[in-house]
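Below: the structure, in structure tokens.
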Amino acid sequence: MNIQERSAKIAGAEWRQRVDLAACYRLLAHFRMTDLIYTHSSACVPSEPGHFLINPYGWRWEEITASSLVKIDVQGQKVDASPHPVNRAGFVIHSAVHMARQDAACVIHTHTKAGMAVSCLKEGVLPLTQMAMQFYGRVGVHEYEGIASDLDERQRLIADLGNHRALLLRNHGLLTVGRSVAEAFQLMYYLNWVCEVQLAAQATGSELVLPSREVCEKTAAQYDGAELDNEEVDLEWAAHLRMLDKIDPSYRE
């Protein structure tokens, strides 16, 4: 079956989700947030409760296309005729979030250098900059329990995430939850950037200046108010897609 035939057989809403998730993988690769073929981004299949899209295991993220994404269930089992394998163990974290959070249309998990480094710091993410203050009091922390392959860890992970849209996985990495693929990517991009800036500031060895708690809470609340309107997220996402279309539009295939 060629690409045109495959896309014609997939419902329009699912195909759009596939294109967005494929774009997300390409963007993570472009911004150097990959871990070779490991870690995942997953997205709900519209109008199919309990079904999700995930990357074909073994593919580099810059190779992923809309048609190559694999449809799976909450156990990480394939539910379509895809010839590609799936890393079931890698879906344990994602399945926990998708099952517990109705707003989790997309879950992104990364092992970036900056994210892993900050996950090892006792203080975690610090409100050092305006960008960082959007996450003030809004990042959950999950203690390291070993490679996330045990299903019983899911309940503790969900409890630690709570209602937050970002999670610091101790000694492990970062996770973001979005109401759309675009929102999850935006959160991951800025959270990772915040970690990079924090490490740069700490590397100077100088005393760090932290705004007051009141200022941090005020700024975080301002970000919360802005996030009620998805217009900026949509504008950012459209700009990202224009860049990808210029570099290599094959993610749409």
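Any read-out appearing in this document is the output of simple, stated calculations on the displayed coordinates, not a laboratory observation. Treat the numbers as computed from the prediction; the structure is a model and nothing was measured. In this analysis, Cβ positions are derived from the backbone assuming ideal geometry, glycine residues included, and neighbour counts consider all displayed protein chains.
Under Stokes-Einstein, with the Kirkwood radius over Cα pairs standing in for Rh, what whole-number D in µm²/s applies to the stretch 21-76 at 4 °C and 1.567 mPa s? D, rounded to a whole number, is 113 µm²/s. For the stretch 3-252, the relative contact order is 20 percent, taking Cα pairs closer than 8 Å that sit 6 or more residues apart in sequence and dividing their mean separation by the residue count.
What fraction of the Cα pairs in the chain, stated in percent, has a spacing above 34 angstrom? Percent of Cα pairs beyond 34 Å in the chain: 15. Full extension of the chain between Gln102 and Asp248 yields a length gain of 49.3 nm, computed as 0.36 nm times the residue separation minus the alpha carbon distance.
Each residue of the stretch 108-118 is assigned a 3J(HN,Hα), and the resulting list reads 10, 10, 10, 10, 6, 4, 5, x, 5, 4, 5 Hz, derived from the Karplus form 6.51 cos²θ - 1.76 cosθ + 1.60 (θ = phi - 60°), x at Gly and Pro. Using Cα springs under 10 Å in a Gaussian network model of the chain, which residue among Phe91, Phe52, Phe31 shows the largest mean-square fluctuation? Taking springs between Cα atoms under 10 Å, the residue moving most is Phe31. Please give every one of the lysines within straight-line cross-link reach of Lys218, meaning a C-alpha to C-alpha distance under 26 Å, and leave out same-chain neighbours fewer than 8 residues apart. Lys218 reaches Lys122.
Considering only Ala220, Pro49, Gly76, the residue lying farthest towards the positive end of the dipole of the chain is Gly76, judged by Cα position with unit charges set on Cβ. Here the simple spin-label model places points 7 Å from the Cα toward Cβ, and for Asp234 and His84 these points are separated by 2.9 nm. Which of Cys216, Cys106, Cys24 ends up with the largest GNM mean-square fluctuation for the chain, with Cα atoms connected below 10 Å? Looking only at Cys216, Cys106, Cys24, the largest GNM fluctuation is found for Cys216. Along the chain, the exposed loop sites are trypsin sites (Lys or Arg not before Pro) outside DSSP states H, G, I, E and B with at most 15 other Cβ atoms within 10 Å, and the longest stretch free of them is 123-253. FRET efficiency for the pair Ala221 and Trp59, taken as 1/(1 + (r/R0)^6) with r the Cβ-Cβ distance and R0 = 45 Å, rounds to 0.65. DSSP bridge analysis restricted to the chain gives an antiparallel fraction near 85%, rounded to the nearest 5. The lysines whose alpha-carbon is closer than 19 Å to the alpha-carbon of Lys246, local same-chain residues fewer than 8 away aside, do not include any residue.
Only helical runs count toward this figure. For the chain, summing -39,500 (n - 2.57) over DSSP H runs of n ≥ 4 and dividing by all residues gives -13500 deg cm²/dmol at 222 nm.
Which whole-Hz couplings ³J(HN,Hα) result when phi for each residue of the stretch 72-89 is put into the Karplus expression 6.51 cos²θ - 1.76 cosθ + 1.60, θ = phi - 60°, listed in order with x for Gly and Pro? Couplings: 9, 9, 5, 8, x, 8, 5, 10, 10, 8, 4, x, 8, x, 10, 7, 4, 4 Hz.
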